[in-house]
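The values are calculated or read from the model by the stated rules, or taken from the named source; none is laboratory data. Everything numeric in this text was worked out from a predicted model, so none of it was measured. In this analysis, Cβ positions are derived from the backbone assuming ideal geometry, glycine residues included, and neighbour counts consider all displayed protein chains.
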């Protein structure tokens, strides 16, 4: 008969235990930095785009816990209202509102902005969270390629329409969710709208690079106003952003790949931490035009340093959206 102590000390059991411990700590490490600074956001007004689920919803949830007044700006109002009620129930903060915003439509963006200004005379934080990824070739209502249209052009117009409130409410902040994918992007000056050719992955990378170039250029234009703007990479997060991705977006793909990538993917709550850091950390009060990941400053890719591309993109964005800049 084998003694229980002999079994527990067997190489197989010992190795399995070490592996399990290693997997646990690797999983924890991959969840990234945490925003633990205590802040009171009572009386501060926040807009978060695309927040009925995932990173956006978790961002709103934490802001609500801290007492902020939050406008959830979403395309699907049924899902938005459901999320809003869940957040109110969890936080007991009733100053959480659902408003329709379709970033595929310049008209919707203008309507949202005008309605918001009728309701509020201040805005302290704008979090440009919404995004699409890896779309098949589609166009917005205004004829923009979907990924550059939603991820950049829509937020470009929204931000500029709200700048007057942000300035009058200073100190205030704009937070732009980009992605590490910006490192693989380039601004295609000859075919920004992907009309000559379309690669869904390159179009996504271009849109995320556009987020950072927009952040850099806007930061320069906002010097001395008390409004800061910073971009961030939230990490690889378990959200619906992958829904358009072949294989990974399918139920079979999710089932097959999940056990292998589970260790390396952040939860939505952990994916929201850098957004909260950029929006709330007191140490960033005067920091602008930077790029963050895991609640720390990071170097953006080389393509994000080209001032000429930033200026070109700004000029084209003004033309496309009809914004007053």
_Kindly evaluate residue 77 against the criterion of being without any contact (Cβ under 8 Å) to a residue 40 or more places away in the chain, touching a strand residue (DSSP E or B) at 6+ places or on another chain (Cβ under 6 Å) and closer than 17 Å to residue 279 by Cβ._
no
*Give me the pairs, please: first residue somewhere in the stretch 39-54 and at pLDDT below 95, second residue anywhere and in a strand (DSSP E or B), beta-carbon distance under 9 Å, and either six or more positions apart or on two chains.*
54/237
*Every residue from the stretch 35-74 that is in a helix (DSSP H, G or I), under 19 Å from residue 266 (Cβ atoms) and out of contact with any strand residue (DSSP E or B) (no Cβ under 8 Å at 6 or more places or on another chain)*: 57, 58, 61, 62
*Kindly establish whether residue 109 is buried (at least 22 other Cβ atoms within 10 Å of the Cβ), touching a helix residue (DSSP H, G or I) at 6+ places or on another chain (Cβ under 9 Å) and farther than 16 Å from residue 48 by Cα.*
no
*Residues that are buried (at least 17 other Cβ atoms within 10 Å of the Cβ) and modelled with pLDDT of 95 or more: which helices (runs of 4 or more DSSP H) entirely in the stretch 229-316 hold 3 or more of them?*
273-280
_Boolean, residue 166 is under 19 Å from residue 49 (Cβ atoms) and either out of contact with any strand residue (DSSP E or B) (no Cβ under 8 Å at 6 or more places or on another chain) or assigned to a loop (DSSP other than H, G, I, E, B) (or both)_ = no
*asked:* With the structure loaded, tell me whether residue 213 is modelled with pLDDT of 95 or more, more than 25 Å from residue 114 (Cβ to Cβ) and outside any helix (DSSP H, G or I) or whether it fails that test.
replied: no
*Could you figure out which of (1) at pLDDT below 95; (2) assigned to a helix (DSSP H, G or I); (3) more than 24 Å from residue 184 (Cβ to Cβ); (4) in contact with a helix residue (DSSP H, G or I) (Cβ under 9 Å, 6 or more places away or on another chain) isn't true of residue 325?*
(2)
